[in-house]
Amino acid sequence: MSLLRLAARNAARPWTRTFASESSSSFPPPATGVYQVFDRAAKRRQRDRAASRDAGVGSRTVDYVRDEVADRMMERLLDIKRKFDTIVDLGSGPGHFAKLLEPEKTRRVLMIDSSEAMLNRDLDQEFPVEVERVHADEENLLDVLPRNSQEAIVSCLSLHWVNDLPGVLVQIKEALQPDGLFLGAMFGGDTLFELRTALQLAEVEREGGISPHVSPMTDTKDISNLLSRAGFTLLTVDIDEVRVGYPSMWELLEDLRDMGENNAVVGRRHLLHRDTLAAASAIYKELHGNEDGSVPATFQIIYMIGWKPSPTQPKPLERGSAQANLKDVL
């Protein structure tokens, strides 16, 4: 994927556009002791419904955020001057990142996702490289991939729904070969802050209390610590934002549903009164509205790169081993 092609995709992409409750799982339960923030079974059903609704038409319409983040991830991958035989796309969805891979960068992509409908939404003919799809839970990666088996693992906007992020990062590191690459992007703590504040203020005003409607996000400053604790080295972490304009809060909620990004917090309310939503929409426009009458939605993206340690990796020189004085250079 050339940088010119990436730029063409970005230039062509429009930037302004004109709820689930049950809980059962076909996957094994999570390990004992992991605190359950998200209902993974409900999230899987939300994403299955999003991919299946109207034969996937609505789901494809709202690919804009993930496609943009996939483009920015690809720019980071192109900076790494290495060709991989296989790249694992963890939490791949229909393949937003995998569709950008070209034979010059890899021979094959292995797509893993817990939503079978989302995983199989798009045809193999849409991918420039060989594709293999595995329906599996991202939280149990080592049940699918042997240890020390992969050259590179990427993840584009799926890790914000895992209950045990430190544990998943450890599994990613264990699945990588020595000097293997992990490249990821996930939503950060300021994502959808406009929607979060509008809903909270509306609930306090109309119902006298608040409940979670936007899932908790990982704070940016924690990611480096989590990667280090998982055993990665040569870390790079940076943040960026994608801002999208909507006619009103209602179109934003509709798009989040079609993305499969509905609320899946354990203990969430299954119903929000219409008058509370109407109040939230008015508050949203009053606090955050643009001059043209639209409302913005901010998606904060945390990008991360880590490498599995290897004796062949460059290491810093020992303290005091320099051959030149910095004062002489400056």
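Would you mind stating whether L165 is within 22 Å of Y64 (Cα to Cα) and either among the small types (G, A, S) or surrounded by fewer than 22 Cβ atoms within 10 Å (Cβ to Cβ) (or both)? No.
Out of I283, I239, one residue alone is of a type in the set (A, V, I, L, M, F, W, C), open to solvent by 60 Å² or more (accessible area, probe 1.4 Å) and either farther than 19 Å from A50 by Cβ or outside any helix (DSSP H, G or I) (or both). It is I239. Taking the conditions (1) over 30 Å from E151 (Cα atoms); (2) open to solvent by 70 Å² or more (accessible area, probe 1.4 Å) in turn, E318 satisfies each one other than (1). The residue list V37, V57, V109, V129 contains one member that is closer than 23 Å to V144 by Cα, surrounded by fewer than 21 Cβ atoms within 10 Å (Cβ to Cβ) and not acidic (D, E), which is V129. In contact with a helix residue (DSSP H, G or I) (Cβ under 6 Å, 6 or more places away or on another chain) and assigned to a helix (DSSP H, G or I): is that true of L253 in this structure? Spelling it out, it is not the case that L253 is in contact with a helix residue (DSSP H, G or I) (Cβ under 6 Å, 6 or more places away or on another chain) and assigned to a helix (DSSP H, G or I). Summed over segment 37-67, the residues that are among the acidic types (D, E) and over 18 Å from F187 (Cβ atoms) give a count of 2. For segment 286-307, a tally of residues being over 21 Å from the mean Cα position of the chain (by Cα) and either open to solvent by less than 60 Å² (accessible area, probe 1.4 Å) or acidic (D, E) (or both) returns 8.
The values are calculated or read from the model by the stated rules, or taken from the named source; none is laboratory data. Model, not experiment: these values are computed from the prediction. Glycine also receives a Cβ, built like all others from the backbone with ideal geometry; neighbour counts cover every protein chain displayed. Ligands, DNA and RNA are stripped out before the accessible areas are found, and what is left, the full protein with its side chains, is counted by its heavy atoms. Shrake-Rupley method; radii C 1.70, N 1.55, O 1.52, S 1.80 Å.
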